[in-house]
Structures are given as structure tokens and as C-alpha cells.
2 protein chains.
Amino acid sequence: MNQILGHNYIGGARSAAGQTRLQSVDASSGEALPHDFIQATAEEVDAAAKAAAAAYPAYRSLSAVRRAEFLEAIADELDALGDEFVAVVCRETALPAARIQGERGRTSGQMRLFAKVLRRGDFYGARIDRALPERTPLPRPDLRQYRIGLGPVAVFGASNFPLAFSTAGGDTASALAAGCPVVFKAHSGHMATAEHVADAIIRAAEKTAMPAGVFNMIYGGGVGEWLVKHPAIQAVGFTGSLKGGRALCDMAAARAQPIPVFAEMSSINPVIVLPQALETRAENIARDLTASVVQGCGQFCTNPGLVIGIRSPQFTAFTQQVAALIGDQAPQTMLNAGTLQSYGKGLQKLLAHPGIEHLAGREQQGNQAQPQLFKADASLLINGDEALQEEVFGPTTVFVEVADQAQLSAALNGLHGQLTATMIGEPADFERFSELTPLLEQKVGRILLNGYPTGVEVCDSMVHGGPYPATSDARGTSVGTLAIDRFLRPVCFQNYPDSLLPEPLKNANPLGIQRLVDGVPGREAL
Amino acid sequence: MNQILGHNYIGGARSAAGQTRLQSVDASSGEALPHDFIQATAEEVDAAAKAAAAAYPAYRSLSAVRRAEFLEAIADELDALGDEFVAVVCRETALPAARIQGERGRTSGQMRLFAKVLRRGDFYGARIDRALPERTPLPRPDLRQYRIGLGPVAVFGASNFPLAFSTAGGDTASALAAGCPVVFKAHSGHMATAEHVADAIIRAAEKTAMPAGVFNMIYGGGVGEWLVKHPAIQAVGFTGSLKGGRALCDMAAARAQPIPVFAEMSSINPVIVLPQALETRAENIARDLTASVVQGCGQFCTNPGLVIGIRSPQFTAFTQQVAALIGDQAPQTMLNAGTLQSYGKGLQKLLAHPGIEHLAGREQQGNQAQPQLFKADASLLINGDEALQEEVFGPTTVFVEVADQAQLSAALNGLHGQLTATMIGEPADFERFSELTPLLEQKVGRILLNGYPTGVEVCDSMVHGGPYPATSDARGTSVGTLAIDRFLRPVCFQNYPDSLLPEPLKNANPLGIQRLVDGVPGREAL
């Protein structure tokens, strides 16, 4: 493993022009780690964006197979990061080693999946309408369309997935796959981790002879603003708080040239526990739900922050079961002091609310997060009270008891946009509550039955997105292969001779990809 | 043809609560037409948006075939609008009858093409990843994805295509196809036309039993702002000026819930005339280019506003040929007084610029637009002078002579985003100037060889879009079937039993559509 240098990554070189030194801390002890990271200067941010812009024409013009080889090389380098690396990540995030080992595999697997997408070629969206020279009153020219990368992408990683949603995470993977060079803003919560991962990416870039500047990384607080406002940046990927994400959206929209921002921000992920399920298996549900609430100290975008049931003796008993389980949960160390502080503040808001009752959990104090359970009046949901719409990031959830089926719909209608919604039920429940699927479709990006929203599979069908404020643009996903679409735009060629067309659109179909030809999908040569 | 009522269209009924009366004028004479249109009140705009929102759940849940039948019924109603209707459109826009007849066919053809897309089913983007219960360390749940309409869409039509880019134009067609009810803001330049078209849509909606509120229309100036700010509106389609489009983008971005805006705004559509082509066929190029510049009084988004060539005796002679042709062109009546006034102002800016020379065209005065030709110094392009970047909407174009091949690239690099770029050349030209295609790809949505950008085919492969300021979002197109993508978002179902899945995702594939199953496209039942 390389030594930590702490310098910014610009155009394939390292740069440390600034005076501001930053330190990473041991998430459990608060002790500073023995490395300095040099905050990027305005000139360095400019240079990083320009390095990405300089790499763009060459990088986007590489064949998809060459880009796939780059992603696979990154995957190999990530897999080769060993125990020493895992120990660094654990120290910076207080996450357990097994989790980091698993996340490393998820992150390299994600790179390989995007490599597969590149080899498959459907991301090109190739479409061909052949000329109709005899058409009357006007002939039709030959028209062909494919998609290219938007340009340099700025990526802001998340604290809670120091690998899978960070330096080499889904946003970086999908942007690189799309042919967009990346400028990554290292997360201040795991800068040593970020450096090791950036080194891995740079090694892969060198091994596969990628253009210098295909990946850049800057350290520092507040430097992200310069990045988002930089004219060379053409899109932004972000995972984090609603406040932070919205600020980036506002900056991007106010630019001379507005650019798209894909911010994954705030979700409380309602879980609806239906009556028959409670009849048949309340105890199991209580156990699994509690496990999902406290898993990873509740530090998941898909943590179930709201549990809704219909008033009944069974739901009352279920609530008590969960309260007992939550009360038994051990406190856990959070990602960093800021996260713990936010958790404490979020709990205070719930505790202070007259419509919300505290059901279980030891008083929040000290260096660890205490799991908590609350119960809120259904009217708060129906009337859109903000206290229930805000994500409290950590091991806590709020129960809501509705009077009946009609009030359940009213309560769900009161919700803002979410990443996920979950229904726990038996077949009879789903028959009786059939109105819920179409209702939830309008609110969320993913609906789960009889599962828990934590655990986001990386695959073609995943949607880790949803209406605002879950994300800033419900048309995107930040997990799964559809994520590449966020960074692509279509280009059309009219009346081009075959020799001048890009490979995906040539008559012979040399890439063997599926194309829509005169309205019919196929792989035939023309 | 129905009588003109002049009332707003809200939820399937007509409403005229306001006091402000508007009139449409004869574009040629300036005379007021004998109809009053009642400007929508704030309450009526609210009611229109709410009617669209009320229609959304039912409308989006209709099968794609039912929506296709609706679009086809609209097409039939449009085709049935006869000579009397054409006369009204011609009166309001000063466009010739043949053009309006053609545009009517284009508009109904567009509706039928989207119906075809709905029957084809690829817009669903269906993806299935089947469960892997035996996978270690964790099983994979069954995950399935398809796309649904975003919600109610506000559409603002253009003046220059009173049918194809207006009430029943591409934005309306693609939004309705996506399952999004529409609130259309009638263009003040052709309100009688808008009313007849809205009546046609409403007749089609009634004949095919669509939910009331699937299509709504409001009259008035300034009422669009209420619409874009309305919480029920989930996306905006716009065709018009950069100033107008940007204002809508800014409003949409500042909402509590920001929404996407697809604004097609400003493009000068560079045409590059290459040396060999000038050697072999300068006269034909001069004639065809001039025809493209003055066609429809230059009132096209794709009007060629900039012509670039390399300094040579041939280019000088070509410039003189075009100057002679432009000088011979008859003046034409513009769409309305405002358009003529803008044209005059645009010309004044060019005339006043010290780096721009006037080559041909009679002095702009009176009620018609005089075709004009200008020549600008190449340095203006290279240095990004704003005068050359702004679209002058009307029958005028600017020639730029560059010193050599290198300066040609520098000049093109100085351009803002465009809808189109065109190269006129011989095979030897394209070989010699092979760097131009990748360069232009980064600047535009469509590149044409040996054609003219006016004339935008409606088909699967068309891109009528491009980087800012050509549009507000280069990832969309407002012409062609890909336009539907702007109004769709993905939803994922996890662990759903077959009986509860939407049709496109059921095991049996009852719609017979192509789906991506475990990474492989196919139509098989599972």
C-alpha cells in the first residue's frame, strides 16, 4: 500500500500548493491520524477541472471495451487493497472489518458490472432510421443516434459508505463508464481511505493507458463550491444531506450554463406492517425490523425511519415488542463526531415535539448512538408535519398508528418523496390493500414486499432514487446500471457516410450491439 | 369546427372567471380577430394544475394501448380539421396554407408515432433480475424495474410552429404518451388556433374515455409563472427564447421541490462550407443555403445563422454569390409584430458591431422582414463575442472567414451549444477535416452532412436538443420518440409476487415487449 502523501490528484500528478492542513481522525477515539492532507487552493480546483476537461475528448472517444478494461483494472486494484487498508477504513469510520471487506467487494463488483454494461453496448442507445429517398412529398435522410458522455463530472461521496458511495463508488463508476472524466471531492470523514482508493484508480489508469486527468481528487472543506461552479464541470453526483445536496443544486442552477445535479439526500423509508402479517408472524417482523433499524448504527440512506400500522391489539403488541427489542440494543459508535451530533439534534427535535412520544431507548449521551423508538400521531403525517419528514440519520425509527385503511392512504399521501417503501404482509393483505402499490409508486423509487430496505442490490433493475427530497431528480438512480444514463446525452448524425460514423452506428454493426433500426430492435448488419 | 369560446380548459370543462380579455390579431394586417380569450385567474391556473394532478393516477395507470388509442384519436381529430381551420392558422401566423397543411400532417403523424412507441413498449425500459436464493454470502431478491410518467407536465408552445410545437405538438404528445396529464399555456400569438386544437384533443379524450383533466389549457400573459410554480406540476416543456426559457428554469429550480425543465431556446446552427465542395459546386450550395436561410422567413430553431469557410478565392466568390441571392430575396411577413420587432433589434446589434460588416439586404423597415447577410471577423468567434452567439430569429445569416484549418477548429470551439451543425463537403474534405466530427459532437445535438438544418424529421433517431443554451438539458430531445424519456422515471419492485406486478414486468410477458432479463434482452416469458 502506498504511503499517504495527502496531496491533491490533478491530471495524473500530485499537487500541494495550499497552506491549510487537514487531519483525519480515529472515529472511535477521536484521535488524529498521523497524516496531513493539503486542502486544494482555488487554482488547484481550477486545474483539476481543466485536467478533466482536457482528458474528456480522448477519454470519451475510447472504445467502450477500453473503458471496460479500465473499470476492471480499478476493480482488481480495489480487490488487492489488503488488511492494512481495511484497518485504515475501520479506523476512520468505526465500521467493522467484515462490513468493509464486504463493501470492498461490492465496490469492485460495481466496477465490473459497469464494465459488463460497456461490453453489452445498450448504453449507447443506438438508433438508426434509414434513408427513404423515394418518400413523398419529401425524402427522408439517413438518421442515426447514439449517446456520448456529458463531460467532466464532479462527484461528492458519502460518509456512510466509504467505499461503495465514495471515491470509487457508484457515481464515479457510472461517470467513468459513460466516458466522463471525474473530479472527486474527498470526503473529510475518510481522507486516508480516499487516498488509498484514489491511488488504486490512478494505478489502474496507468496500467490501461488512460489519459491523464481521467480521475482527479481534491481535499478540503468548501472547495466543492468552486468545483460545481467551474465551467468545465458538466454534471454533479452527490450523496449526503438534504441541506448539502440542495445547496449544490442551487449553485448548479444559478450557473451561466446550468448543469444537472444528481443528489441522493433524504429518505425516511416507510415500512407498512399489514394486519394479516401481524396476525401470523409479529415476533419475526419485530426482530427483523429492529435489526434493520440498528444495522450499521442506522447509518443507511434506506434505514427504515417510519413504521406504519393500523390500530389493533396486534399492532399495539407489536409496538411493545419492538420497544422491548430497541431498549435492549447496545449503543454503537457512529461514523464521526458530526454524525453523532446530528443524531442527537434529530432526537431532540422528536423528543420536543408534542405530537411525538418516546417509547424506548436510553438517553442519548456520551460517544455512542443509543437506539431509540418513537411514536407519532397519525395527524402529523396526514398534515405534512415536517418533524416526520426529516431523516434522523442513525438507529431510530418512528411508529405511526392509523385508524383504518382510508387513513393509511391519507398518511402515505402526506409523505414526501422517498427512496423506498416497504410492505410487510400476507397474500390476503396485498389483496385487501391493493391500492397501496400505485400510491407508493408515486412516492418512491423502490417498493419492497416482505423484506427490509437496507441492503441495496447492485444490478440492472435496482432503483436507488425517488422523488424529491429523496433525490434532486427522480429520473436517475445512483445504484445499479441505469445510473450511467444520468451522464449520457444523445447525438444524431444525418446523412453521414458509413466510413465517418462512430462504430456503434456503422452499417456492419462491428460491435454486435442491439440497435433500433427503423423501429425494430436487432443486431443485424445493414 | 367548434365556435371559439375563449374560455380556459380545466378538467374537461370550460372556465372564464377572469376579467382580462385578450385578442388574437391577423399577423399580416394587425387587425384584431373577432374573438375574446379570457385570461386565466390565479384560481383557474391552480384548478388546471389540480385537474391534471387528479387525472394523473388514473391516466398513468391506463395500459399503453389505451394511451396509444387516445393519441391516435387526437391524430384523427387533427387531420379532420379542415380548410376553415387552416385559414384561421394562416391568419394568426401569416404562414402559407401549404405549410400549415404540411404541419398539420406532421403533428398528427407525431401523435401516431408516439402511439407506435407505446405499442412497442420499449419506453417502459423493463428490466428483470431474478432472485438468486442460493447466492452466497447473501441471496439476491427478485428485482424488476419499469418506468412511469413523472406527473402533470406544463407545456409552453412556440410561435413558429403553431401546430407541431404548440398545443398538440411534440412536448404535449410525448408527455401524454409518458402517462403525464398536460396543462398547456396557449401561445398568445395563435390563440384561435390553440382553441381549435384543444377542442380536437378534448374530443379525442372524450371519444376514448380518458380521465377529465388529462389535457387542460389556459390563456393569458404571465399566467405561466403560476403554472411552473404550482406544486402539482412535475416537469416543464418549453420552446421559445433564451430569456423566456431561462426564466422558467430559474423558477423551477427555486421551487420547494425543484422540477426538470426542458427548454429549447437558442441556436445559430453553424454551417461549415469546406474547400472541395466550393471547388465543385459553389453555385448549388449558394442557392440551397440561401433557400434555407429565408425559408419560412427564417423562423426556424434550426435556421442557419452562421456560415463558416476557409479564406480562399472560392470562398470570396461564394460569399458574393450568396450576397447577390440574399439581395434578391423578397421580404416576408413574420409571425407577429413582436417577432418583427425582435428581428429589427437583432439586425441593429449586428449593424452596430465594429467587427461585423453588412454584405446584402435592403434596409429593414415596414411590416415585413428583409433578408440580410453579414460578415463577421473570425476573432469574434474565437474570443466568444456574444454578438455572434445570439440567435437573430429571422431571414439572416452571418458569414465568417477563417484563415486556415486550425483557426476553423478554434472558431468552432468558441461556439456555445447548438441544436445542429452542418458540414458541406466532398469526401476529400471529410478526410482532411476529420477532427470536426468529434469536435462538433461536443457542441451540438445533430450533425448533418450535405444537407440543411431546417427540416427536422420526426423519427426514433432524431435529436432536436443540444448543450446549453440550445436547450436547458442536453440529455433530452423535443423532436423524435426519445422525447418521451424526459417525462419518465424508473420504479423498482423488490420481491413482488407475479400477481401484483404491473403488466410489463409479469413473468408471462403479456405485452410481448422486449425486456432486459438477467442482463440479456429478450421477449421470452419467464
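Which residues, counting only those in segment A:362-376, are over 23 Å from residue A:243 (Cβ atoms), assigned to a strand (DSSP E or B) and more than 27 Å from the chain's Cα centre (by Cα)?
A:375
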Looking across segment B:470-486 at residues that are at the interface with another protein chain (Cβ under 9 Å from one of its Cβ atoms) and not in a loop (DSSP other than H, G, I, E, B), the single one that is most open to solvent (accessible area, probe 1.4 Å) is B:485
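Yes/no per residue for (1) out of contact with any Phe, Trp or Tyr (no Cβ under 8 Å at 6 or more places or on another chain); (2) among the polar types (S, T, N, Q):
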| position | (1), (2) |
| --- | --- |
| B:6 | no, no |
| B:11 | yes, no |
| B:16 | yes, no |
| B:30 | yes, no |
| B:33 | yes, no |
| B:47 | yes, no |
| B:57 | yes, no |
| B:61 | yes, yes |
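Can you name every residue in segment B:377-421 that is assigned to a strand (DSSP E or B) and surrounded by 21 or more Cβ atoms within 10 Å (Cβ to Cβ)?
Scanning segment B:377-421 gives B:396, B:397, B:398, B:399, B:400, B:402, B:418, B:419, B:420, B:421.
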Looking across segment B:487-504 at residues that are at the interface with chain A (Cβ under 7 Å from one of its Cβ atoms) and part of a loop (DSSP other than H, G, I, E, B), the single one that is surrounded by the fewest Cβ atoms within 10 Å (Cβ to Cβ) is B:495
Flagged in segment A:259-291 as hydroxyl-bearing (Ser, Thr, Tyr) and at pLDDT 95 or above, in numbering order, are A:280, A:290
So is residue A:27 in contact with an Asp or Glu (Cβ under 8 Å, 6 or more places away or on another chain), open to solvent by 40 Å² or more (accessible area, probe 1.4 Å) and either among the acidic types (Asp, Glu) or assigned to a loop (DSSP other than H, G, I, E, B) (or both) or not? no
The number of residues in segment B:295-324 that are in a helix (DSSP H, G or I), of a type outside the set (S, T, N, Q) and within 29 Å of residue B:265 (Cα to Cα) is 5
Residue hits (segment A:422-444; open to solvent by less than 40 Å² (accessible area, probe 1.4 Å) and assigned to a helix (DSSP H, G or I)) are A:429, A:430, A:436, A:437, A:439, A:440, A:441
Residue count, segment B:222-256, condition open to solvent by 30 Å² or more (accessible area, probe 1.4 Å), closer than 23 Å to residue A:245 by Cβ and touching a Pro at 6+ places or on another chain (Cβ under 7 Å), comes to 1
inquiry  = So for segment B:349-356 (the condition being more than 14 Å from every other protein chain (Cβ to nearest Cβ), open to solvent by less than 50 Å² (accessible area, probe 1.4 Å) and without any contact (Cβ under 8 Å) to a residue 24 or more places away in the chain), does at least one residue qualify?
reply    = no
In the set A:445, A:417, A:451, the lone residue that is facing chain B (nearest Cβ under 9 Å) and within 13 Å of the chain's Cα centre (by Cα) is A:445
Only one of B:42, B:64, B:49, B:55 is open to solvent by 30 Å² or more (accessible area, probe 1.4 Å) and either touching a residue at least 24 places away in the same chain (Cβ under 8 Å) or closer than 20 Å to residue B:166 by Cβ (or both), namely B:42
The condition of being free of Cβ contacts under 8 Å to residues at least 60 places away in the same chain, under 15 Å from residue B:86 (Cα atoms) and part of a helix (DSSP H, G or I) holds, among B:194, B:200, only for B:194
Of (1) part of a loop (DSSP other than H, G, I, E, B); (2) at the interface with chain A (Cβ under 8 Å from one of its Cβ atoms); (3) under 31 Å from the mean Cα position of the chain (by Cα), residue B:511 satisfies every one except (2)
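Can you pull out the strands (runs of 3 or more DSSP E) entirely within segment A:47-163 that have at least 1 residues that are closer than 19 Å to residue A:194 by Cβ and more than 12 Å from chain B (Cβ to nearest Cβ)?
Of the strands (runs of 3 or more DSSP E) lying wholly inside segment A:47-163, those with at least 1 residues that are closer than 19 Å to residue A:194 by Cβ and more than 12 Å from chain B (Cβ to nearest Cβ) span A:153-156.
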Among the residues of segment B:474-490, the number that are farther than 13 Å from residue B:123 by Cβ, among the hydrophobic types (A, V, I, L, M, F, W, C) and in contact with a Lys or Arg (Cβ under 7 Å, 6 or more places away or on another chain) is 1
Flagged in segment B:459-469 as in contact with a His (Cβ under 9 Å, 6 or more places away or on another chain) and more than 7 Å from every other protein chain (Cβ to nearest Cβ), in numbering order, are B:467, B:469
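The values are calculated or read from the model by the stated rules, or taken from the named source; none is laboratory data. These figures come from a predicted structure and were not determined experimentally. All Cβ positions, even for glycine, are placed from backbone atoms using ideal geometry, and neighbour counts span all protein chains on display. These area figures cover heavy atoms from the full protein model, side chains too; ligands, DNA and RNA do not enter into them. Shrake-Rupley method; radii C 1.70, N 1.55, O 1.52, S 1.80 Å.
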